[in-house]
Structure formats: C-alpha cells, structure tokens
Amino acid sequence: MEFTRLRGIGVSPGIAIGEAYLTEQLVFTSRIEYIPPQRMDEELGRLRAAVQRTREDLVRIREIIREKAGAEHAFIFDAHLLILEDKSLTANLERLIKEENIRSESALSDVHAKYQKIFDTISDEYFKQRKSDVADVLAKIYRNLESQREENTEDGRDKILVAHDLPPSEAALRLSQGHVLALALDMGGQTSHAAILARSLNVPTVVGLHNITQRIKTRDILIVDGTDGEVIINPPPAVQKEFLSKKEKYDVYRKDLKKVAKWKSTTLDEVRFYPLANIELPEEITNALSYGAEGVGLFRSEFIYLQRSALPTEDDHFDIYSRLAKKVYPYPVYIRTIDIGGEKNLPQLQIEKEPNPALGLRAIRFSLRNRDLFRIQLRAILRASVLKNVRILIPMITELEEIGEVKILFEEAKEELVSKKIKFDPAVPLGVMIEVPAAAAITDIIAKEVDYLSIGTNDLIQYYLAVDRSNEFVSYLYKPLHPSVLRLIKFVIETAVKRGKDVTICGEMAADPLSAIVLLGFGLKKFSMNPIFIPRIKKALRSVEYKTVRRVVHQAMALKTAQEIEEFIIEKLLVKHPDVFLMMKATT
Amino acid sequence: MIEKTILIKNRLGLHARAAVKFVNLANRFMSDVKIKKDGSEIDGKSILGILTLAATQETVITLIIEGDDEQAACRALGDLINNRFGEKE
C-alpha cells in the first residue's frame, strides 16, 4: 500500500484516524446519453425516486440545521424544497426524458445549463447568484439517482471528510451532523468559516492541502493531525501506532485543560479575575465555556455580514444575538457592532478600496455613515437583551462627538422599541473600544460618558507604535511591553478603575501569560481572548499573588526598555513564585 | 380574472425568503397566479419564476389571478407584498 504524508495548515487541533470520505465536486455532464423508448417509464421512475429521496433529505437536513444552528440557517432549505417542487423544473426534466429519450443525468445537466443561462442574464447580483441554489438542488437529485447510497456521509458511520472546499452552508451542515471525525481540505485558511466551525466543534482539521482530493480515494485510511497540520494517507501499522499514542497524549492534555476550566479564577491571595472569550459564531460558545470562559468579552458581529450574500435583516441579527445570549446566560456577552471597512470588505455593499484602510472608513465611522444598517443592528441587540446579560460595544472611537451621536441613535432605537411595546433590557450597558491612541489619552473624559471600556490592544499598539506587524521589515518593533504602550494602557485601566467603570482587554496581550500578569498588576480583572488560551492564562494568574504582582509591575514601570521590563518581571516573580513560568511552559 | 398592480416596497425585493412566503401563500389558493413585470410574465406558484423575475425594491409588478377564489387570493397576496413580507424595512 502506498504511504504518503501531506503538509497543510492545521486549523483545528487534535488527531483522528479513520476512513476517508471524498465529497465529489459534481460536474454536470455535457455528454448526452439516450435511452431506448421502451425504457422511458423506468427512467421516469428513476428520476421520481431520486426527487423523492432528495425531498426527504432536504426535510431532514432542515430539521437538523434548525435544531443545531437556528431557524435563520434552516430557511434556505425551505427555498430548496420549493425549487425541488417547482412545476417548471420537474415538467422540464420529465419532458426531456419523454420527448428526447435521454437519461436523467443528461436531462438534469441540460436543465442546469438552461437555468444558469437564464440567471446569468439578470443584472442584479443577488438574484443572479440564486443560480447556485438551483445548481445545488439539481446536484442533489443527480447524486440521488444512484439508489446505492452507502457512500453517503449521512449513513451514520464516522468518517474523515475530504473536500476541495466547504462553503459555509455545506460546512454547517456536514459538521453539525456529528459523524465527521476530521476534515481535510484542498483550500482554505485559518479564518475560513469551515476552520472556525471545526475549531468550535473540536473536529481536527487541516486545510491548504492543495490536491488531497486528487490523491486519495473514498475508503483510504487517513491520519489527520490538526495540531501539526499533516495528513497521512494509508499509513502502515507502525505509523498508525505512533499517532495513536500521540492522540492519547493529546486527549490527556485536553482533559487536563478541562480540569483547569473548573478551577476558581482567583489569584493566590483570593483576588477574583474573569477569563472571557473572543468569538465570531454562536456555535463557538459551548467550546468556549468548556475552556473556562465566564462570558463572551467580544462577539465580532461582522461575520453576520460576511456569511451571506444579501444584507442581513433585523431578524437575522436578532436570531443570532438572542441565541448567543441564551447560550451564554447567566454569563454576559459583549456584542461589538460591526468592524467593517478597511480590508474587511462587505460583499453586499461594494465599498471602495482605500489607499490606507487601517486609517480609513471602518468600524463606527462606517456605521455612522451607514446609519440604517447601524439602527438595525442596535435594535436587534436591544431586542436580544431580555435576559439582561447583553452589552453593546462600539469599536474605533476617536473622539467624544462620536459617542454623542451613538447615544442619540441608541436612545432612538430604545424609544422605537418602547413605542412598539417590544421588550428589552432598558439598562443595556453601552461601552466603547479603546484602540485609537487619541481615545486612550482622553480616557478620563470618555469614561464619564459610557458604562464600560474595552481595550483592543492589537490595534492600539499598532497605531501607537506606528508599526504594521504583518510587515516583516518592521514587525520587530511591535512590542506590547514597550514602556510607552504600558504607560498608556496603565493610564486607561487606572482611570477606568478610579471612576468605577468596568474595563476589559480583548487583544492578544490578554492571552500572553507575561503580559496578562502585567495587566493584572495595573488592576485589570477581565481578560478576553481566543478561548483556547484561557486555561494557560488561568494557570498563570492563579499561581501569583496580586499583591506581589502589583508591587513588581509598578517597579518595572521605571525601566527604560521592553526587554528590561520583561527580564525584571520574570526575575522578581521567580523569587516569589518559582513555578509560575514553569507552568506556562508546560501549557504553551 | 383580477389584475392588481403593486409596488414592491421592502428593501430586499422579492428575494428568496420573500419568494418562499409568496409561493407558500399562493399555493393555498385554487386560482392561477401570474406575475407580470415589464414584458415578462411568470407563474406565481413557481419560485424559480419569481427569482428570475429579479424584482428589486421599487419594482412595479402586476398580479393576474384567475379562479374561484381569486378575490381572496388577490387580497392575501396583495397584503403580503404591502406588509413588506413581514420584514422590517
């Protein structure tokens, strides 16, 4: 047996060994196959049976999705069912079989080509793209023409799914059915929808494998190593054994993490801190909670826009936010209004490319320019607040006037709901992101106007140090422990605490053990991060004394460089807590 | 036979979700339902017909309904469109 190792990008950690299932990219045939006239009835029966099976599939999938992902995602299957039942479609197919005596496969391909042509003449982009829904339904019928369906992933056996790419709806569908051991894709990156979903559902995943779909067959044995980004095809027993033991180690490690999740979030001297999660999809919550998150400190709502071709309606927003709030309850969820514009483009709005997107029309600047979209979002967030655990977070505030404008719109949204007798929490906290240095410098002024603050350290540091850290020539200058950065963040945290305002950090600094200790020293109690980092931050903060950290960090502020600060803190903490960094090493 | 000319008011027009509602409602009546827009006329009980009509916001369409329950069908379908298919805007 041939044995191959393929390198890709591991986007969801873990190891799985199992049988491959290749989802074929269905190519409609251009070859016309004829049937003898006496077989016409049989062929019609074959088509009708396939249509019936497709109907059953769609109904079943709709219920699964409704249950697992919400009515919001299930709606598309109502549309697909109506397409399947559409008389013009079925009449067309049957006519081709009866009058032209061609096989069902040829008829489906012919009808497919015809509809693609019709939709292509439409100039409106949304309606033009509905051709993919027609293609989807026809492809499902096509696949169901084979009555032998044991190769279907839905047969209940656990398999490793191998595909060229998985579009969002397909990913949600395949992964939420629960029989996918692992995922291996030709395409994709860290932030593709499939990767995010796989991570949240703990499905080991490797993407960016280029041509795995051409190198394997269904039923080949695969090892998918999502931790190291590797896929092994038909491994000999020795290699299988090696990976089984790696898998065991990983499983133990995960169990250990879950144990940490149940520990109390307090320092050695009983000072309470709160690990929170940064997430993008409601599906990620279960996983975040299992890592020990005590709430969602950042929900990036722009994904609601990026996931669909039409602009989301108020109900689309509401459906997601209320699901989110219910799943997180009794913990809080901070919903950040869209941070779109710049490099994150909205497919529905054709935003013009800007010469300097990081400094351009993005986040709240975009929302205040597109107020109708903003109003919809505010109303939907308010409507989802009935459990009293929802907060609104406004990104990229630069000056006080923006907060004034937001507040007017926010009050208008509340009045509108009151007049319509729609319930909401009248005390929904309104907070702003501190990520523009100018806003950080006037924290004392801003704190008076809002209910809480959240420091977005990634952007704040990039703007403050004037360093694009994705630029390899200057990224060495990106130092979160630069004395100027620490002075600024210290000012923000201390000012907020002094004024009795809640403050959170939701950048990568919160996920780095040493930085988190420094932030704790400034008086920070709420740390929001990618949930997978929560256990290690919890371990680090639980192993120090707040009193000691405060003293050491304040002494460190007199030092001149990032390196001096780092060395000083490590040295001083090691004296008092020799095991702190040992533990960090073990978990990183 | 009744003919009724209506303006599509909701922002998304006769998009997929609205089309689902329209077809499901139309199917509850015996009458034939046709929709005319510009020169083309489609079957109002066909979702593919409606989608290919590409009726965006501010489009004027004509409902042509014929059958025993044409009055009721016309009223119900007209209300659905005028109520923006239950959408907020």
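Read-outs: derived from the displayed coordinates by stated rules, not from any lab. Values in this document were obtained by computation on a predicted structure and should not be read as measured data. Counting neighbours? That spans all protein chains shown, and the Cβs are built from the backbone with ideal geometry, glycine included.
Rounded to the nearest 0.05, what FRET efficiency do A:K217 and A:A238 have when you use their Cβ-Cβ distance and R0 = 22 Å?
0.45
At R0 = 60 Å, how high is the FRET efficiency between A:A135 and A:L368 if r is their beta carbon distance? Nearest 0.05 is fine. After rounding, the FRET efficiency stands at 0.95. Taking each of A:K159/A:K247; A:K255/A:K501; A:K258/A:K423; A:K421/A:K525 in turn, the alpha-carbon distance tops 26 angstrom for A:K255/A:K501; A:K258/A:K423; A:K421/A:K525. Here the range A:248-303 and the range A:62-141 have alpha carbon centers that stand 42 Å from each other. Computed on the range A:37-144, with alpha-carbon pairs under 8 angstrom and 6+ residues apart, the relative contact order is 32 percent. Each DSSP beta bridge with both residues in the range A:200-304 is either parallel or antiparallel, and the antiparallel ones are about 60%. A simple spin-label model places pseudo-atoms 7 Å from Cα toward Cβ; at A:S419 and A:I32 they are separated by 6.2 nm. For the range A:361-430, the pair-distance distribution built from all alpha carbon pairs, in bins 10 Å wide starting at 0, is 20, 54, 24, 2 percent. Label separation (A:S475 vs A:K98): 6.5 nm, computed from points 7 Å beyond Cα along the C-beta direction.
For peptide B:40-49, the mean count of partner chain Cβ atoms within 10 Å of a residue's Cβ comes to 5.
Helix B:16-26 and the long axis of chain B differ in direction by around 10°, with both axes built from C-alpha atoms. Amide H contacts of A:F273 (H built 1.01 Å from N, in plane; Pro and chain starts excluded): A:T266, A:T267 sit under 5 Å, all sequence-distant by 5 or more or on other chains. Proximity of backbone amide H atoms, modeled 1.01 Å from N, is registered between A:L181 and A:K159, A:I160, A:L161 at under 5 Å, excluding neighbours fewer than 5 places apart on the same chain.
Think of the protein assembly as shown as having a plus end and a minus end, set by charges on the Cβ of Lys, Arg, Asp and Glu; of A:G521, A:G45, A:Y321, A:G521 sits farthest toward the positive end of this dipole. Positive end of the dipole of chain A (Cβ unit charges, origin at the Cα centre): among A:F119, A:I364, A:S104, the Cα lying farthest that way belongs to A:I364. The modelled label-to-label distance for the pair A:D124/B:T5, using points 7 Å beyond Cα in the direction of Cβ, is 1.9 nm. A Förster radius of 35 Å combined with the Cβ-Cβ distance from A:L400 to A:R66 puts the calculated FRET efficiency at roughly 0.20. The mean sequence separation of alpha-carbon pairs under 8 Å and at least six residues apart, normalised by the residue count of the range A:266-587, gives a relative contact order of 19 percent.
Nearest 5 is fine: what % of DSSP beta bridges in chain A come out antiparallel, could you say? Kindly include the intermediate steps, with their values, before the conclusion.
Values: 20 of 57 bridges.
If we restrict to bridges inside chain A, about 35 percent are antiparallel.
Helical content alone sets the calculated 222 nm signal of chain A at -15500 deg cm²/dmol, taking -39,500 (n - 2.57) per DSSP H segment of four or more residues and averaging over every residue. Taking the Cα of A:R39, stepping 7 Å toward and past its beta carbon, and measuring to each backbone N in the range A:94-113: which are under 11 Å? Once the point is set 7 Å along Cα→Cβ of A:R39, A:102-104 turn out to lie under 11 Å by backbone N, inside the range A:94-113. Full extension of the chain segment joining A:I442 with A:W263 gains 60.7 nm, where the gain is 0.36 nm per residue of separation less the Cα-Cα distance.
Dividing the Cα radius of gyration of the protein assembly as shown by its Kirkwood radius returns 1.02 for Rg/Rh.
Shape descriptor for chain B: Rg over Rh equals 0.92 (Cα atoms; Rh from the Kirkwood inverse mean 1/r). Each Lys and Arg contributes +1 and each Asp and Glu -1, all at the Cβ; summed about the Cα centre of the protein assembly as shown, the dipole is approximately 2260 debye. To the nearest 10 degrees, how steeply does helix B:70-82 sit against the main Cα axis of chain B, on a 0 to 90 scale? It is inclined by approximately 10 degrees. In plain terms, the chain from A:E85 to A:D251 could stretch by 55.1 nm, reckoned as 0.36 nm per residue minus the Cα-Cα distance.
Were the residues from A:R7 through A:V497 laid out at 0.36 nm apart, the gain over their Cα-Cα distance would be 171.6 nm.
The DSSP beta bridges internal to the range A:266-587 are antiparallel in roughly 10% of cases.
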